[in-house]
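Undergrad: Quick one: the structure is below, questions incoming.
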Amino acid sequence: MKIILTNEVNGLGSAGDVIEVKDGYARNYLIPRGFAMRWTKGGEKDVEQIRRARRIREIATLEQANEIKAQLAAIKIKLQTRAGDTGRLFGSVTPADIASAIKDAGGPVVDKRRVALGAPIKTVGSHQVTVSLHPEVSVKIDFEVVAA
């Protein structure tokens, strides 16, 4: 089946790519979860719009990635979340939480899919994550989780 990816899928491609996959994989997994849509002649117009949005969101050059790396190194990030008396969180910190904390701290907008957690963060304290800005540039960010 020919489909158009609407989100980045590991092992398949990026948003806006037109690919051929098995029918069951498309019908049962990709389309219901919103990762893809069926390819049609009218859908070709959507492909260009998806690609344009991806180009705006992507970090294009190595210099731009290094600028963002410097900005991320300069900010202090604190993430407030609910925690118990022992310092254990109610839930865990997600990449989306970290991306929004970076934005709230005055840093650049970072895509949550670029944030890599080593292990689930479930305690109050200082932690470190890796953000992949470019295929050649990644930055380790220190941040603090505090009880709200």
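Undergrad: Please determine, in degrees from 0 to 90 and to the nearest 10, the orientation of helix 62-74 with respect to the longest principal axis defined by the Cα atoms of the chain, where the helix direction is its Cα long axis.
TA: The helix 62-74 is inclined about 30 degrees to the chain.
Undergrad: Here's something else I'd like to know. Kindly work out what percent of the DSSP beta bridges joining two residues of segment 62-147 are antiparallel, to the nearest 5.
TA: 75 percent
Undergrad: Same structure, new question: If you take the charge dipole of the chain about its Cα centre, with +1 on Lys and Arg Cβ and -1 on Asp and Glu Cβ, which of Ala36, Gly84, Ala65 is farthest toward its positive end?
TA: Comparing the listed Cα positions along the dipole, Ala36 ranks first.
Undergrad: In whole Å and largest first, what semi-axes does the C-alpha gyration tensor of segment 62-147 yield when each eigenvalue is scaled by 5 and square-rooted? Don't skip to the answer; put the middle values down first.
TA: Details: eigenvalues 119, 30, 19 Å².
Result for segment 62-147: semi-axes of 24, 12, 10 Å.
Undergrad: With r defined as the distance between the Cβ atoms of Gln128 and Ala70 and R0 fixed at 25 Å, what FRET efficiency is calculated, to the nearest 0.05?
TA: Details: r = 18 Å, r/R0 = 0.71.
It comes out at approximately 0.90.
Undergrad: Kirkwood Rh and Cα-based Rg: tell me the resulting Rg over Rh for the chain, rounded to two decimals. Write down the numbers at each step before the final one.
TA: Numbers: Rg = 18.5 Å, Rh = 17.4 Å.
Radius of gyration over Kirkwood radius for the chain works out to 1.06.
Undergrad: Are there GluC sites (Glu not before Pro) in segment 57-147 that DSSP puts in a loop and that have at most 15 other Cβ atoms within 10 Å, and which ones?
TA: Numbers: sites: Glu58, Glu63, Glu67, Glu136, Glu144; in loops: Glu58, Glu136.
Loop-located and lightly packed - Glu58, Glu136.
Undergrad: Can you find, among Phe143, Val124, Ala99, the residue sitting farthest towards the positive end of the charge dipole of segment 62-147, where Lys and Arg contribute +1 and Asp and Glu -1 at Cβ?
TA: Val124
Undergrad: Using the structure shown, select from Lys112/Lys140; Lys22/Lys112; Lys45/Lys69; Lys45/Lys103; Lys41/Lys112; Lys2/Lys112 the pairs with a Cα to Cα distance greater than 25 angstrom. Walk me through the numbers on the way to the answer.
TA: Details: Lys112/Lys140 15 Å; Lys22/Lys112 29 Å; Lys45/Lys69 35 Å; Lys45/Lys103 32 Å; Lys41/Lys112 32 Å; Lys2/Lys112 28 Å.
Beyond 25 Å: Lys22/Lys112; Lys45/Lys69; Lys45/Lys103; Lys41/Lys112; Lys2/Lys112.
Undergrad: What's the angle, to the nearest 10 degrees (0 to 90), between helix 95-104's Cα axis and the longest principal axis of the chain?
TA: It works out to around 70 degrees.
Undergrad: Using only the alpha-carbon atoms, how far is helix 43-57 inclined from the longest principal axis of the chain? Give it as 0 to 90 degrees, nearest 10.
TA: 30 degrees
Undergrad: If you average over every viewing direction, what projected area does the convex hull of the Cα atoms of segment 7-85 give, in nm²? Don't skip to the end; give the middle numbers.
TA: Numbers: hull surface 37.3 nm².
Computing the convex hull of the Cα atoms and averaging its projections yields 9.3 nm².
Undergrad: Determine the dipole magnitude for the chain: charges of +1 sit on the beta-carbon of Lys and Arg, -1 on that of Asp and Glu, nothing else is charged, the reference point is the Cα centre, and the result goes in debye to the nearest 20. Before the final figure, lay out each step's value.
TA: Working: 23 positive and 17 negative charges, 79 e Å.
The calculation lands at about 380 debye.
Undergrad: Could you check which residue among Ile68, Ile77, Ile19 shows the biggest mean-square fluctuation in a GNM of the chain with a 10 Å Cα cutoff?
TA: Per the Cα network of the chain with a 10 Å cutoff, Ile19 tops the list.
Undergrad: Expressed as a rounded percentage, what relative contact order does the chain have, with Cα pairs under 8 Å and six or more residues apart? Walk me through the intermediate numbers first.
TA: Values: 230 pairs, mean separation 29.2, N = 148.
It comes to 20 percent, rounded to a whole number.
Undergrad: How big is the dipole moment of segment 2-57 about its Cα centre under a simple scheme where the beta carbon of each Lys and Arg is +1, that of each Asp and Glu is -1, and everything else is neutral? Debye, nearest 20, please.
TA: On the way: 12 positive and 7 negative charges, 30 e Å.
So the dipole magnitude of segment 2-57 works out to roughly 140 debye.
Undergrad: Mind giving me the nanometre distance, one decimal, between the label points for Phe90 and Thr61, set 7 Å out from Cα along Cα→Cβ?
TA: 4.8 nm
None of the figures in this text is laboratory data; all of them are computed from the coordinates on show. Quick caveat, the model's predicted, so the values are computed rather than measured. Cβ coordinates were reconstructed from backbone atoms using ideal geometry, including for glycine residues, and neighbour counts include every protein chain displayed.
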